[in-house]
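Heads up, the thing below is written out as structure tokens.
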Amino acid sequence: MIRFENVSKIYQVGDETVKALDDVSLSIEKGEFVSIIGPSGSGKSTLMNIIGCLDVADMGQYFLDGAPIENYSEKELAHIRNKKIGFIFQSFNLIGTMDAAENVELPMIYQRVPAKERKRRVEEALKMVGLYERRHHKPNQLSGGQQQRVAIARAMAGEPSILLADEPTGNLDSNTGKQIMALFRELHEQGHTIVLITHDPEVAAQADRSIAIHDGKIRKEVAA
Amino acid sequence: MIIQSMKMAIKAIASNKLRSFLTMLGIIIGVVSLVVLVSLVNGATGSINDSIDSLGSNSLTVNITSGQDKPLKLSELDSLIENEIFDEIAPTSKTSVTASTSYAEENVSVTGTTTAYMNIEKLEVASGRFIMNPDVDNHSDVVVISEDLAVDVCGRSNVVGETMKLDGKNYLIIGVLESSNSLTSNSDNSDYQAYIPYTSLIRLSDGISLDISSFEVSVNGDDLDKAETILENVLLNRFDNDEDAYSIFNRSQIAEAMSSVNNTLSLLLGGIAGISLLVGGIGIMNIMLVSATERTREIGIRKAIGATRGSVLMQFLIEALMLSLFGCGIGIGISELVIVIVNIVGNVSYTMSISIVGISVGFSVFVGLVFGLYPANKAATMKPIEALRFN
Ligand SMILES: Nc1ncnc2c1ncn2[C@@H]1O[C@H](COP(=O)(O)OP(=O)(O)OP(=O)(O)O)[C@@H](O)[C@H]1O
Ligand SMILES: [Mg+2]
């Protein structure tokens, strides 16, 4: 469902050009749990942003569900992010003025899901991550691990076809990180497509397949 | 989506109440000044117009300035108003005297005139009667006084049949006028008014002779300008084409001048208030720009989650609109309060002008939209990854 063909992303800062992605080709199928591993600055986030339609490639083509992404307007890209992609960020990225339930509800508001259905799915998603009791807590009243679980609930609530997680455990201690990883495996078992970005080989190893990236180039793919 | 945007806007406004209030302050002050000033001017205009109406704006006043070689006599007056556009004519002559009783004394403006004066000036008698023809014919020493004069000099208002001294000469009080808060024609500062027969005034004051120096004419219908032209011809004829012998004073011209002054005043004050509303709008723009920058990350998150440019635009625009409308609502409330206080303190009964309330609501919507648009657009066009990277 995700297919990159010779994708490159080049940043120009002053005189220097940085090839954040250099001729990357890859494909990820529906239901897969793939990890992308590489050192800092290797282009992992750039890759994820392009997969998640937050950014566009400078060269090459990206096909999502068979259709090239460059044909879409900005508005259509927003709808794709809304319906097909569930983002989970290293820094959680919850909206600070909203409580847990409202954060989880947000993608469904943009999907125009009716209020009653939203309420049901907020409850379902928060129960799945075990934070239903904390639904009225603001992000700053939650621990890092709890915030990340709310973020996962938010990503799930929109019922996307792909979950994109950029170092979801990067800001968490190893125990909490393990809990989050357990949650991902559970979601994978339920049939969700997951792309997980990490620089931690141990975390990467928990995926079905691992794609190693270095200086914007794919080094090797390892099947688990 | 609009309902959701409104909920978000209310949340955003409520989450920083002090700042929201300060933002709204500009609009509040603008609306209060607009509504209160225009309502007060309208109220004042209304009461001034009432006063002008009660002056009897269907009368002309003529002053004979020269023409001493061919003086106008009392007996001739009726011949001046033979044209049927004229109704009644009354000579007037004024002097200032001291009115006294054993109770008190005051300076009073005395008008010497005839019976017709009462109708021309639309005076109302509260008790007794006004000057009648025999009083004029007999040079009677009778006086009709205003109610406040009766109260202040005689001690009470029902004084018909008693006597009052004018410059030491005894006058029989035959009538007391109803008090009116009209502006008097050749307004003396003092409200004390006394009316005596024209012929009697001549004896009271050395400076006044039987020659008429000024008179008033009431007009049938309301074509005062036409009546003025006709009177002009009559007088030209009477004074051998000497245009400088007399001057005609048309009261509808004061009314017109007055209302144009009031319109100018409304426009001027409304304009000033409008400017303060605009300044309020700039305040909203300023805060919304700060808010858009502060919430860059939130905007990035929303866009990553699926907010379109349109929905972010809507969210910010509605927030700006709500700020200005809340401000406007508070402003209207405060205006009502101010008008109530003015009414109590000033002992008047001004009402809030509904049209200006409508105008201020419309203007607030306009200000909110116009000044909200730029920040909203700025927020909406942020690139999601750049917004997410913002700290
Ligand atoms: N907006 C940008 N402007 C200029 N250079 C950029 C920009 N974004 C990324 N880069 C460069 O592209 C390269 C890849 O960045 P990217 O954020 O994808 O790395 P990463 O693998 O996610 O690193 P980390 O593990 O530290 O998050 C880096 O060299 C970075 O400096
Ligand atoms: Mg990164």
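Pick from A:SER40, A:SER27, A:SER35: which is surrounded by fewer than 16 Cβ atoms within 10 Å (Cβ to Cβ), away from chain B (no Cβ under 14 Å), within 15 Å of ligand 2 (Cβ to nearest atom) and polar (S, T, N, Q)?
A:SER40 is the lone residue from the list that is surrounded by fewer than 16 Cβ atoms within 10 Å (Cβ to Cβ), away from chain B (no Cβ under 14 Å), within 15 Å of ligand 2 (Cβ to nearest atom) and polar (S, T, N, Q).
Between a residue in region A:43-69 that is within 14 Å of chain B (Cβ to nearest Cβ) and any residue that is within 16 Å of ligand 2 (Cβ to nearest atom) and polar (S, T, N, Q), which pairs come within a Cβ distance under 6 Å, given they are 6 or more apart or on different chains?
Pairs found: A:ASP55/A:ASN49.
Provide a single number: the residues in region A:11-24 that are within 13 Å of chain B (Cβ to nearest Cβ) and either away from ligand 2 (no atom under 13 Å from the Cβ) or more than 19 Å from A:HIS199 (Cβ to Cβ) (or both). Steps first, please.
Of all residues in region A:11-24, those within 13 Å of chain B (Cβ to nearest Cβ) come to A:11, A:20.
From what is left, the residues that are either away from ligand 2 (no atom under 13 Å from the Cβ) or more than 19 Å from A:HIS199 (Cβ to Cβ) (or both) are A:11.
So the answer is 1.
Any idea how many residues of region B:206-239 are among the acidic types (Asp, Glu) and either modelled with pLDDT of 85 or more or surrounded by 19 or more Cβ atoms within 10 Å (Cβ to Cβ) (or both)?
If we filter region B:206-239 for residues that are among the acidic types (Asp, Glu), which is where we start, we get B:206, B:211, B:216, B:222-223, B:225, B:228, B:232.
Next cut, either modelled with pLDDT of 85 or more or surrounded by 19 or more Cβ atoms within 10 Å (Cβ to Cβ) (or both) only: B:216, B:228, B:232.
Looking only at that region, the number is 3.
Taking region B:19-49 as the region of interest, how many residues are under 22 Å from the mean Cα position of the chain (by Cα), surrounded by fewer than 22 Cβ atoms within 10 Å (Cβ to Cβ), in contact (Cβ under 8 Å) with a residue 60 or more places away in the chain and farther than 11 Å from B:ILE356 by Cβ?
Number of matching residues: 6.
I'm checking my understanding of the structure. Among residues of region B:104-127 that are more than 16 Å from B:LEU177 (Cβ to Cβ) and out of contact with any helix residue (DSSP H, G or I) (no Cβ under 6 Å at 6 or more places or on another chain), which one is surrounded by the fewest Cβ atoms within 10 Å (Cβ to Cβ)?
Checking each candidate, the answer is B:ASN107.
Restricting to region A:104-118, name every residue that is buried (at least 20 other Cβ atoms within 10 Å of the Cβ) and more than 7 Å from chain B (Cβ to nearest Cβ).
If the condition is that a residue be buried (at least 20 other Cβ atoms within 10 Å of the Cβ) and more than 7 Å from chain B (Cβ to nearest Cβ), then A:VAL104, A:GLU105, A:MET108, A:ARG118 are the ones that fit.
Mind listing whichever residues of region A:77-102 are facing another protein chain (nearest Cβ under 9 Å), closer than 22 Å to A:LYS127 by Cβ and part of a helix (DSSP H, G or I)?
A:GLU102
Hey, which of the strands (runs of 3 or more DSSP E) in region A:9-76, taking only ones fully inside, have at least 2 residues that are within 9 Å of ligand 1 (Cβ to nearest atom)?
Strands (runs of 3 or more DSSP E) meeting the threshold: A:16-28.
Each row is one residue, and each column tells you yes or no for (1) within 23 Å of A:ARG3 (Cα to Cα); (2) assigned to a helix (DSSP H, G or I); (3) touching a residue at least 24 places away in the same chain (Cβ under 8 Å).
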position: A:GLN148; (1), (2), (3): no, yes, yes
position: A:ALA155; (1), (2), (3): yes, yes, yes
position: A:ILE180; (1), (2), (3): no, yes, yes
position: A:SER210; (1), (2), (3): yes, no, yes
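Restricting region A:174-212 to residues that are surrounded by 19 or more Cβ atoms within 10 Å (Cβ to Cβ) and within 16 Å of ligand 2 (Cβ to nearest atom), which is farthest from A:MET48 (Cα to Cα)?
The selected residue is A:VAL203.
Of the residues B:GLU256, B:GLU294, B:GLU232, which single one is under 30 Å from B:VAL41 (Cα atoms) and either among the acidic types (Asp, Glu) or touching a strand residue (DSSP E or B) at 6+ places or on another chain (Cβ under 6 Å) (or both)?
B:GLU256
All but one of (1) part of a helix (DSSP H, G or I); (2) surrounded by fewer than 23 Cβ atoms within 10 Å (Cβ to Cβ) hold for A:GLY130, so report the exception by its number.
Unmet condition: (1).
Does A:THR176 fit the bill of being within 13 Å of ligand 1 (Cβ to nearest atom) and away from chain B (no Cβ under 14 Å)?
no
Kindly provide the set of residues from region A:129-146 that are touching a residue at least 40 places away in the same chain (Cβ under 8 Å) and of a type in the set (A, V, I, L, M, F, W, C), ordered by number.
A:VAL129, A:LEU142
The values are calculated or read from the model by the stated rules, or taken from the named source; none is laboratory data. Predicted, not measured: the structure shown is a model, and the values here were computed from it. Ideal geometry is used to build each Cβ from the backbone, glycine not excepted, and the neighbour counts take in all protein chains shown.
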